[in-house]
Amino acid sequence: MIRLPESFSSLRGRETLARSQVLQRSWPVVLDLCVAGIGLACFYGVVVIAQYWFGHAEPEIVISQSPRALPLYAFYSVVRIFLAYLLSLLFAVGYGYVAAYNKRMEALMIAALDILQSIPVLSFLPGVMLAMVALFPTRQIGVEMGAIVLIFTGQVWNMAFSFYSSIKSIPRELSEAADIYQFSRWQRLVQLELPYSAIGLVWNSMVSVAGGWFFLMACEMFVLGTRDFRLPGLGSFLQTAAGTGNTAAIVWGLVTMIAIIVATDQLIWRPVIAWSDKFKFEQVESTKQVRSPLLHLLQHSRGLRTLKHHTIRPLGEAVYKRLAEERKARSELAAAAPPETEDHSASLKTVLRVAFVAVAAVAVLYAAWHAIGLLHQVSGPQFGEIMKGALATFLRVNVSLVLAAAWTIPVGVAIGFHPRLARIAQPLAQIAASVPATALFPVILIALVQMGGGLGIGSIALMLLGTQWYILFNVIAGAMAIPSDMREVATLFKFTRVQRWKTVILPGIFPFLITGLVTASGGAWNASIIAEYFHLKGQTMQTVGLGAVISAATDSGQFQILLLATIVMALMVVTINRLVWRPLYRLSESRYKLGG
Amino acid sequence: MQPVIIRAERVEKYYAQPSENRIQVIAPTDLSIAAGEIVALLGPSGSGKSTLLRMLTGLSQPSAGEVYWHEKPIETANVNVSIVFQSFALFPWLTVLENVEAPLKARGMEAVERRRRSLKILDTVGLDGFQAAYPKELSGGMRQRVGFARALVVEPEVLFMDEPFSALDVLTAENLRSELLELWQKKTIPTQAIFIVTHNIEEAVLLADRIIVLGRNPGRVRTDFKVTIPHPRDKKTAAFTQLVDYIYKVLTQPDTQPPALPGTADGKRGRAPKQHYQMLPHARPGGIAGLLELLLDHNGKDDIYRLADDLAFEIDDLLPIVDAAQLLGFLTVTEGDAAITPTGAEYANSEILRQKELFRSAAVENVLLLRQIVRAIEAKSDRSVTEEFFHDMLDEQFSEDETLRQLETAINWGRYAELFDFDASRRRFIQPEKLPAEADQQSAEEIDA
C-alpha cells in the first residue's frame, strides 16, 4: 500500500526517492557513453539469443476465468512479487555497497543507475522473456523467470540508490567509531550500514513493491509475434476476463487484488514499519509511532525467542569469533611480512586488472557496434513514425501530469489542512492508490469504448491512474508541513485567496510537489508502453505514440525499431530530467525549503 | 621519564590543489604522548585539533611524516586506543549494553566474558540499571557516559577524547569531568594516558598535566608546557587564573605570525598566491557591536579572559569577535587585554545608521575581499559580479569549506554595511537598491564633502 511518507516521518526516504531521479551530476560524459555502450552490448546479446529461439513453438496455457481458480492464481502472483523483491533487495544492497566503497567503480555505477532507471522497463520485456526462455530448458520456467527478472528491473534501482546514499551519508563520527573499535566488514554492515539505511530501504521497498504489481499485471500475459506467453496469475486472469468482457470475473479479480494489498499492508508493512522505528537516527524519541499488534506478538513470543537463542545467536558468536581471529592473523602477517612482496603481487594484480578491462572493453565495443548496425535497418518512414510518436507521447505525458496536478493540488491541500478530513480521506486514498493501474485499465477501456472514446483518452487515463497518487500524497505531506503560524499570519492580515495561494500554500508545498511530479513523470513514460497499445476482446487497439511503437515492434518482433524507440524514450526521459526536473528540484531545495 | 607510547614525527596534513599550490592544514609537527599523563590540546577553530587527533589514532593518514606506536609504525602496530566523541557516536538502534559490547564483539570475545566486562564498566561509570535502554531515551550526560563506557571497556592504553564535554550543559560537563578525573587518579581504569582535544581553556587547566596550544594557518604547535598545580585544582586560586590568563594571551597574541597575513613563509610550499586574503573571522556585526558596548561598560579596556567569563563564552565563541573587531580597527589587543579605539568607541555609541557608515568605511579600508567586491561591482556595466569569480580566487588560498565560510562572512558584512547586496538565486553580488530619498541625501552629502 502506498503510504504517506509522514506516517513514519521518513523524510530521508522521500529525499532519496526523488534525488535518485535528479542526481547531482558528478561524473564525466565519458562514463555516460560507457554505460550506453554497455547497454547496447547487452541489448545485442539478448537479441542474438532471442532470434535463435524465435522459431520455436509455444504450448498454450489456458487461463481459467472461474473465481475458484483465483486463490491459486493470487498465490502465484504473490510468490512472483516476493521472489522479485527478494532478488531486488539483495542486488540493491550489493550494488549500493560496491558503489559506495569502490572508488574506481563508484562514478560508473552511479551513472549506470541514472540511465537504467530512465529506460522504460517494459521495452525490455520481449528481450528478457526470450532470453529466459532460451536459458531454461522447460518453457514455463523460462517465462516465470522472465516475469521475475522484469519486475526486478522495475523495482531495484531506487532501492539501490537509497542504500548507496544512506551509506554515503553515515555521520563521520559513527563510522570513525566503527573504525577505531576495529569492526569487521560484517559487523559494520550489520550494526552500522544496514540499520542506518533501514528506514530509506523500507520506504523504497514499499514504493518498489507497488511498482512491481503494476508491471506484473502487464507481463503475466504478453504476445510476441505469433507467440503467446502466459503465466497463471492474477494479472493474466484480469486480462483474460477483460478480453472476453466477463464482468463478474473482473469484479472477483479486483476484489482479490484489493484483499491481497490490504493484507500485505497489515501483515507485512505495518510490522516492518513499526520495527524499523528503532532505526530512526534521531536524538529524541518521537511521540508518533506506528503500532502493529502482529509485531508485538512476534516480539513477545517465547517460542521465537528460544528459537533465536539456539540458532541465530550461537551462529553469530561463531561468526564474530572467526572474523576476529582472521583479523588478528592478518595483522600479524602484515607486521611480519616485508613490504617488497606486496609490491610484486600488487603489480601483478594491476596487469590482470588492465587485461580484464581491455577484454571487457573489446567485447562491449563489438556487441555495441553490432547493435548500432541493427539501427541501419530502420527505414526513413519508420524513423519519422518514431519521432511523431515521441512527440505525441510527450504531449500525452504532460497532459496527464497537468490533469493530475489540477485535481490533486486543491484536494491534497484541503486534506492536509484539515486533520479530520485527513483521517477519513487518507485510508481511502491509500487503498485506491494501491490498486495497480494496469489491473484497472482493461475495465476502464471497456467503459470508454462503450461510451465511444478511444485509446487516445484511455492512455491518458492510465497514466493518470498510475501516477496521480504520487502527486496527491506529496501534496498532502507538503500541506501538513506548512507551519500553522504561517497560515495564521495569512489569516491575521486578511490575505485574499489568490495571495494566500501565491505566498503561503504554493511555495510551501513546492518541494513536495516537485518530488511528486518527478516520480509521476517517470511513471507516466513507462506507462505509455502499455497504455498506447492494447489487446481487447480479441482485437488490437492502438494510438499514435512512442509506447505504441515499442509495443507494436515487440508484437511483430522488429528488434531494430524496438531498440531505436527505446533509445529515443530513454534519451527523452534523461533530457527532461536534466533540463526540467533537476533545476526545479535544486530550486526547491534552496529557496523553498522550510526551516532550512 | 615515563616511556613514550605514541610519537608523531614531522607529521603534516595538506590538500593538493589543482594549481601546484597546496593548502596546508597542519605544518610539520612533532608530538609525543607518554604514559601517566593527561595531555590537553587547545586551539582556535581551524587549527586542526581534530585532524591531529585522528592522525595520532591512525584513523587518518598523515600527508607526510610518520606516527609511531611504541616505536613501531602505526599501520603495522596493534594499536589499542579508544575515542570519546563530541557527538557521542552511539548506535541509536543498539541498547546501552549492546553499544558497549560492540567493540568486544569485534575482538571476538566470548559472550559470557563480554557481558561480565560490559556490566562491570557500566557500573563504574554509573549506568547500572540502564543496560536495556536505547540511547535516545537518555539525557545528553547519560549518553556520554555510555560513550565513556564503550571507550573504556576495551581497556585502551591511550584514551582519546574529541571535545567530549562540549555538547553538554555546564553542570553536567563539570560533573562528568570530575568523575573522569577520579577514575584516572584512583587508577580504577587501566588506561596509561589520556589525550583530550578541547576549546575550553578552563577545562584544559583543570584536567591536564600537559597543555599543547595550537596556532592556525597552518595548524602548528605554539607552545607545549607542563601544568604543575596539584589536584584537586581550584578555579579561584591565583595559580589557576594566572595560567588561564597566560593561555588567553598566547591565543590572542599570535605574534610569531599575525593572523591578518596567512601563509607567511613557514609551512607554505610551491608558488605562493599573488595576493593574500585575510582570514575573515566568522563574527556577525551585531556581535561586534555587542562586544564593544560591553568593553565601554568596562571603561574601554579589559582582560579578554574576564570578558569571556562575563559573557559565559568559550574561546571559540569570543575569539572570532575579538579578531573581527581588531581587524576593523575597533579595538587593539595587547598582553591579553582588549582596548577600545576611538572609532570603536564611536561605533559603540552611535545609532544604527551611523554604525553602518562607520562599519562601511572600516570594512573597505581594512578588508581586501570586500574592497575587491565593491570595485568589481563598480567596474561592471550591469553592476553585478558572480560569486564564482571570488570563490575561485579564495580557493587558491583556502580549503573548499573555508572558502565557502569566507564568502558567507563577506556577504554578511557587505550586506550589513550596505556595500553590496547578494542575489542568492543567481549567486551574484549586486549593487544595493537605495531608497530614492536616501540616495538623494547621500548625493547631497557627497557634495557637502
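In the stretch B:377-419, of all residues being aliphatic (A, V, I, L, M) and assigned to a helix (DSSP H, G or I), the one that is surrounded by the most Cβ atoms within 10 Å (Cβ to Cβ) corresponds to B:Ala410. If you take the residues in the stretch A:554-585 that are assigned to a helix (DSSP H, G or I) and without any contact (Cβ under 8 Å) to a residue 60 or more places away in the chain, which one is nearest to the other protein chains (Cβ to nearest Cβ)? Taking the candidates together, the pick is A:Pro583.
Considering only residues that are among the acidic types (Asp, Glu) and buried (at least 16 other Cβ atoms within 10 Å of the Cβ), look in the stretch A:269-321 and name the one that is modelled with the lowest pLDDT. Walk me through it before giving the result.
Of the stretch A:269-321, the ones among the acidic types (Asp, Glu) are A:277, A:282, A:285, A:317.
Of the ones still in play, those that are also buried (at least 16 other Cβ atoms within 10 Å of the Cβ) are A:277, A:317.
Numbers: A:Asp277: 78, A:Glu317: 81.
This residue is A:Asp277.
Taking every residue in the stretch B:222-235 that is closer than 13 Å to B:Leu207 by Cβ and without any contact (Cβ under 8 Å) to a residue 60 or more places away in the chain and pairing it with any residue that is assigned to a loop (DSSP other than H, G, I, E, B) and of a type in the set (S, T, N, Q), at least 6 positions away or on another chain, the pairs with Cβ-Cβ distances below 8 Å are B:Ile229/B:Thr237. Within the stretch A:507-530, the only residue that satisfies the criterion of being of a type in the set (Phe, Trp, Tyr) and closer than 25 Å to A:Ala390 by Cα is A:Trp525. Residues in the stretch B:49-91 that are within 7 Å of chain A (Cβ to nearest Cβ) and either assigned to a helix (DSSP H, G or I) or of a type in the set (A, V, I, L, M, F, W, C) (or both): B:Thr57, B:Leu59, B:Val81, B:Ile83, B:Phe85, B:Ala89, B:Phe91. State yes or no: is A:Val190 of a type in the set (Val, Ile, Thr), part of a helix (DSSP H, G or I) and more than 11 Å from chain B (Cβ to nearest Cβ)? The answer is no for A:Val190.
Just to confirm my filter: which strands (runs of 3 or more DSSP E) fall fully inside the stretch B:140-217 and include at least 2 residues that are touching a helix residue (DSSP H, G or I) at 6+ places or on another chain (Cβ under 8 Å) and within 25 Å of B:Trp93 (Cα to Cα)? Give the derivation first.
Details: elements: B:158-162, B:193-198, B:210-215.
Because the criterion is at least 2 residues that are touching a helix residue (DSSP H, G or I) at 6+ places or on another chain (Cβ under 8 Å) and within 25 Å of B:Trp93 (Cα to Cα), the strands (runs of 3 or more DSSP E) in the stretch B:140-217 that meet it are B:158-162.
Within the stretch A:179-206, residues that are in the same structural domain as A:Ile151 (by TED's automatic domain parsing) and within 18 Å of B:Leu97 (Cα to Cα) have Cβ atoms under 8 Å from residues that are assigned to a helix (DSSP H, G or I) and aromatic (Phe, Trp, Tyr) in these pairs: A:Gln187/A:Tyr320; A:Pro195/A:Phe279, counting only partners at least 6 apart in sequence or on another chain. Working only within the stretch B:92-108, note down all residues that are facing another protein chain (nearest Cβ under 8 Å) and part of a loop (DSSP other than H, G, I, E, B). Selection gives B:Pro92, B:Trp93, B:Leu94, B:Arg107, B:Gly108. What number of residues within the stretch B:124-144 satisfy the criterion of being buried (at least 20 other Cβ atoms within 10 Å of the Cβ) and closer than 30 Å to B:His70 by Cβ? Total meeting the criteria: 2.
Just one of (1) modelled with pLDDT of 80 or more; (2) not in a helix (DSSP H, G or I) fails for A:Met541. It is (1).
Condition check ((1) within 14 Å of chain B (Cβ to nearest Cβ); (2) surrounded by fewer than 22 Cβ atoms within 10 Å (Cβ to Cβ); (3) closer than 28 Å to B:Phe85 by Cα; (4) at pLDDT 85 or above) across all residues:
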position	(1), (2), (3), (4)
A:Asp179	yes, yes, yes, yes
A:Arg185	yes, yes, yes, yes
A:Asn204	no, no, no, no
A:Val207	no, yes, no, no
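Regarding B:Val153, is this residue under 24 Å from A:Trp186 (Cβ atoms), at the interface with chain A (Cβ under 10 Å from one of its Cβ atoms) and modelled with pLDDT under 90?
So B:Val153 does not fit the description; no.
Is the stretch B:162-170 home to any residue that is in contact (Cβ under 8 Å) with a residue 12 or more places away in the chain, hydroxyl-bearing (Ser, Thr, Tyr) and within 14 Å of chain A (Cβ to nearest Cβ)? Looking for residues that are in contact (Cβ under 8 Å) with a residue 12 or more places away in the chain, hydroxyl-bearing (Ser, Thr, Tyr) and within 14 Å of chain A (Cβ to nearest Cβ), one finds at least one in the stretch B:162-170, hence yes. Within the option set A:Val498, A:Val504, being surrounded by fewer than 16 Cβ atoms within 10 Å (Cβ to Cβ), among the β-branched types (Val, Ile, Thr), part of a helix (DSSP H, G or I) and not assigned by TED's automatic domain parsing to the domain that holds A:Phe215 holds for one residue only, A:Val498. Just one of (1) within 26 Å of the chain's Cα centre (by Cα); (2) at pLDDT below 90 fails for B:Gln144. It is (2).
Here is a list of conditions, (1) more than 14 Å from chain B (Cβ to nearest Cβ); (2) buried (at least 23 other Cβ atoms within 10 Å of the Cβ); (3) assigned to a helix (DSSP H, G or I), and A:Phe222 meets all of them except one; can you say which number that is? In the conditions (1) more than 14 Å from chain B (Cβ to nearest Cβ); (2) buried (at least 23 other Cβ atoms within 10 Å of the Cβ); (3) assigned to a helix (DSSP H, G or I), A:Phe222 misses (3) alone. When the stretch A:89-125 is filtered for residues that are more than 24 Å from A:Cys34 (Cα to Cα) and of a type outside the set (A, V, I, L, M, F, W, C), nothing remains. Residues in the stretch A:471-495 that are assigned to a helix (DSSP H, G or I) and free of Cβ contacts under 8 Å to residues at least 24 places away in the same chain: 8 in all.
The values are calculated or read from the model by the stated rules, or taken from the named source; none is laboratory data. All values reported here derive from a predicted model rather than from experimental measurement. Backbone-built Cβ (ideal geometry, glycine too); neighbour counts: all protein chains shown.
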